[in-house]
Amino acid sequence: MNWRAIRAIYQFEMSRFYRTLTQSLISPVISTSLYFVVFGAAIGSRIQEVEGVSYGAFIVPGLVMLSVMTQSISSAGFGIYFPKFIGTFYELLSAPISFLEIVVGYVGAAATKALIIGVLILITSMFFVDLSIVHPIAMLAFLVLTCLSFALLGFIIGIWARSFEQLQMIPLLVVTPLVFLGGSFYSISMLPPFWQGISFFNPVVYLISGFRWSFFGTSDVPVGFSLLAIAGFTALCLGVIWWIFRTGWRLRD
Amino acid sequence: MATILSVRDLRKTYASGFEALKGVSLDIEQGEILALLGPNGAGKTTLISTICGITGMSSGSVTVGGHDILSDFRVAREMIGLVPQEITLEPFERVWNTVRFSRGLFGKKRDDSYLEEILRKLSLWDKKDSAIKELSGGMQRRVLMAKALSHEPRVLFLDEPTAGVDVELRKDMWEVVNGLKADGVTIILTTHYIEEAEAISDRVAVISGGEILLVEDKADLMRRMGQKQLAVQLTEPIDAIPDALSDYQLEQSGDGHVLIYTYDTRADRTGITRLLNDISAAGLVLQDVQTRESSLEEIFVGLVSGEAA
Ligand SMILES: Nc1ncnc2c1ncn2[C@@H]1O[C@H](COP(=O)(O)OP(=O)(O)OP(=O)(O)O)[C@@H](O)[C@H]1O
Ligand SMILES: [Mg+2]
């Protein structure tokens, strides 16, 4: 393992983030605030409580997840796609590193950025609602795992993409709908039975439910399932990455 | 001298089915400058990319300093630096950052004073905090060079280092290359230009159509390349070359209308005056005279057909 190479990639990616720090941080803060105004204030005034929690507080975990997932995917995807796009990828291929170092470096940096943004959103939301976190360690663990696994997914998308359109397609067409339909802003139990059934095929439901459990101690699905879902998803991504590594798919001519 | 890079029967077929390398074998000596000369599409970049691990090989083997580039890739690649043909840099990145990144990527310990030395040598030190996009093309090419040198490679590949670089800068580049050679770095550079190969290389390898046609000492090759031909067109065809002209080793063509004389432009005397005098003394009447230089392209063709014969 070439730790210096991992650190080089990680620092290089993070410096890109710091260079545009204000932009990187302002937009999630603003959009979170908007969500609170729209969902929390407008809708929340009509819905008193969900599962014993005020609606404003109830949407916080989903809101954090939504941002963290999209951020992880887009920054890992962009991070690895950009060198391919402008041609600096040759350096990664010619360096004395294996694919593992590349993955750890890029995914680590993307997950870190998403984590920073996630925490920032959490802090922002505390200005709007009273929030108590029942299981803080579990909360952090869920957050970190989500950042990592979705950064892995983003990495795969970045390797796969041959254009910026493709790079944005999956997050837009697949992830955002799954997150919105994954109980970010409502409890699955509020849905009619048929849609409840459908929802259980949505992997994001398990993540958000588990994450919400760490805040309020209640959940749509048992926490064990949530952990299993996120572990399975991570394993799947790692498997795909291992395969890419073995075959050199979309990496080498 | 010891062989530092050994390429054995290297083949590369691209996914498109095109075979860009057709069994290349090449040994490069420690500390030499080898010019890889060849026309567009010859396979120069493919050869370099394969050695550096950017492109996968179809078959064959390559060792660097005795380390196989596949089974022992970490050690092999640490020894290699590459300046690619195309300028590929992140436009918004700062010079210093990209160079430091390269060093780290190759697993070398941070050493700012070494990087400073490189940037100074390449006249880039005052640009170290500039964004890449603020630099001229020639400067960007030197940044690529600085990146390649950042991890102290023992073997340096320069894929057309002087493409799009003005004469002044070209000289600077050659100076840097010579300095590296003095430090014991082995250098392989590709070029289309005979003069460039002539100016800095020790040996020249000619590649065309994915095959190495020859590897030769520069001095020998230059002698061969320095040849020029004089075509003398006669008013009347002749059956045989008169004995009086036998010294000139003339060739006949064009149904006996044309006599071809090959001479070395570098020789003190080309013998043209004497030849023309002797021709008229032999009673032949000249209609026209042409000279032509063998171009690189023709030499390649000559080499290929020479191999076939
Ligand atoms: N990715 C690729 N897929 C298919 N064919 C390729 C690919 N890259 C190069 N080739 C083909 O391989 C041959 C050799 O290309 P290469 O780039 O190695 O030539 P070169 O000697 O470097 O040429 P130049 O002097 O123009 O840089 C060319 O015919 C080219 O079309
Ligand atoms: Mg080339």
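A compact table of results
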| item | result |
| --- | --- |
| Shape category assigned to region B:1-118 from the gyration tensor of Cα positions, a/c cut at 1.5 | prolate |
| Residue of B:Val83, B:Val99, B:Val165 that the Gaussian network model of chain B assigns the largest fluctuation, springs spanning Cα pairs under 10 Å | B:Val165 |
| Stretchable slack from B:Arg274 to B:Glu236, in nm (0.36 nm times residue separation minus alpha-carbon distance) | 11.6 nm |
| Chain pair B, A: total accessible area buried, heavy atoms, 1.4 Å probe, Å² | 2600 |
| In nm, spacing of pseudo-spin labels at B:Arg11 and B:Asp111 (7 Å Cα→C-beta vector) | 4.1 |
| Relative contact order (%) - criterion: Cα under 8 Å, at least six apart; region: chain B | 19 |
| Region B:227-293: C-alpha gyration tensor shape, a/c 1.5 cut-off, then a/b vs b/c | prolate |
| Chain B, accessible area per residue, ligands and nucleic acids excluded (1.4 Å, Å²) | 46 |
| DSSP bridge orientation in the protein assembly as shown - percent antiparallel, rounded to nearest 5 | 70 |
| Folded to 0 to 90 degrees: helix A:3-19 orientation relative to chain A principal axis, Cα | 60 |
| Average partner coverage of B:83-91, which counts Cβ from other chains inside 10 Å | 3 |
| Cα gyration tensor, region B:134-194 - rounded (a/c under 1.5), prolate or oblate | oblate |
| Sum of side-chain charges, A:Ser209 neighbourhood, beta-carbon under 13 Å (Lys, Arg +1; Asp, Glu -1) | -1 |
| Cα extents of chain A along the three principal axes, largest first (Å) | 59, 38, 34 |
| Percent RCO, i.e. relative contact order, over region B:3-80, from Cα pairs under 8 Å lying at least 6 residues apart | 35 |
| Under 5 Å, built H, 5+ apart or other chain: amide partners of B:Thr291 | B:Ala231 |
| Over 28 Å (Cα to Cα) - which of B:Lys109/B:Lys181; B:Lys109/B:Lys218; A:Lys84/B:Lys128; B:Lys181/B:Lys218; A:Lys113/B:Lys108 fall in this group | B:Lys109/B:Lys218 |
| Degrees between helix A:203-216 axis and first principal axis of chain A (Cα, 0 to 90, nearest 10) | 60 |
| Apportionment of accessible area to carbon and sulfur, chain A, percent (1.4 Å) | 71 |
| FRET efficiency, 1/(1 + (r/R0)^6) with R0 51 Å, evaluated for A:Ile43 and B:Ser61 via beta carbons | 0.15 |
| Cα→Cβ-extended label distance, 7 Å offset, between B:Ser25 and A:Phe245, nm | 3.6 |
| Table column - 3J(HN,Hα) (Hz), region B:26-42, Karplus curve with 6.51, -1.76, 1.60, x for Gly and Pro | 7, 10, 10, 7, 4, x, 8, 10, 10, 9, 9, 10, x, x, 4, x, 5 |
| For residues of B:105-112, the mean tally of beta carbons on other chains within 10 Å | 6 |
| With Cα atoms, 0 to 90° folded angle of helix A:55-86 axis to chain A main axis | 10 |
| Estimated dipole of region B:3-222 in Debye, rounded to 20 [Cβ of Lys and Arg +1, of Asp and Glu -1, Cα centre] | 740 |
| Amide H contacts of B:Leu156 (H built 1.01 Å from N, under 5 Å, at least 5 apart or other chain) | B:Gly81, B:Thr186, B:Ile187, B:Ile188 |
| Size descriptor, Kirkwood hydrodynamic radius, that averages inverse alpha-carbon separations across region A:89-188, Å | 16.0 |
| Estimated vicinal HN-Hα couplings, Hz - region B:163-168 in sequence order (Karplus 6.51, -1.76, 1.60; Gly, Pro = x) | 5, x, 10, 6, 4, 4 |
| FRET efficiency, B:Glu152 to B:Thr262 (Cβ-Cβ, R0 41 Å, nearest 0.05) | 0.30 |
| Among A:Pro193, A:Pro28, A:Pro222, residue whose mean-square fluctuation peaks in a GNM of chain A (springs only between Cα atoms under 10 Å) | A:Pro193 |
| Top of B:Phe18, B:Phe157, B:Phe101 by mean-square fluctuation, Gaussian network on chain B, Cα under 10 Å | B:Phe18 |
| Region B:139-151 - phi-based ³J(HN,Hα) in whole Hz, Karplus 6.51/-1.76/1.60, Gly and Pro as x | 5, 4, 4, 6, 5, 4, 5, 4, 4, 5, 8, 4, 9 |
| Solvent accessible area, Å² - B:Trp174, 1.4 Å probe, full protein context | 50 |
| Label-point separation, B:Phe18 to A:Ser15 (7 Å along Cα→Cβ), nm | 3.6 |
| Relative contact order (%) - criterion: Cα under 8 Å, at least six apart; region: chain A | 26 |
| Nearest-0.05 FRET efficiency for B:Arg224 and B:Arg120, computed from C-beta distance (R0 51 Å) | 0.80 |
| Tail beyond 39 Å, pair distance distribution of the protein assembly as shown (Cα, percent) | 46 |
| Helix-only [θ]222 nm of the protein assembly as shown, DSSP H runs n ≥ 4, -39500 (n - 2.57) each, per residue, nearest 500 | -16000 deg cm²/dmol |
| Most positive-pole-ward Cα, B:Val185, B:Ala163, B:Ala231, against dipole of region B:155-233 from beta carbon charges | B:Ala231 |
| Under 5 Å, built H, 5+ apart or other chain: amide partners of B:Glu29 | B:Ile4 |
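The values are calculated or read from the model by the stated rules, or taken from the named source; none is laboratory data. Quick caveat, the model's predicted, so the values are computed rather than measured. As a convention, Cβ positions derive from the backbone with ideal geometry for all residues, glycine included, and neighbour counts pool all protein chains shown. Heads up: the accessible areas ignore ligands, DNA and RNA and are worked out on the full protein's heavy atoms, side chains in. Shrake-Rupley method; radii C 1.70, N 1.55, O 1.52, S 1.80 Å.
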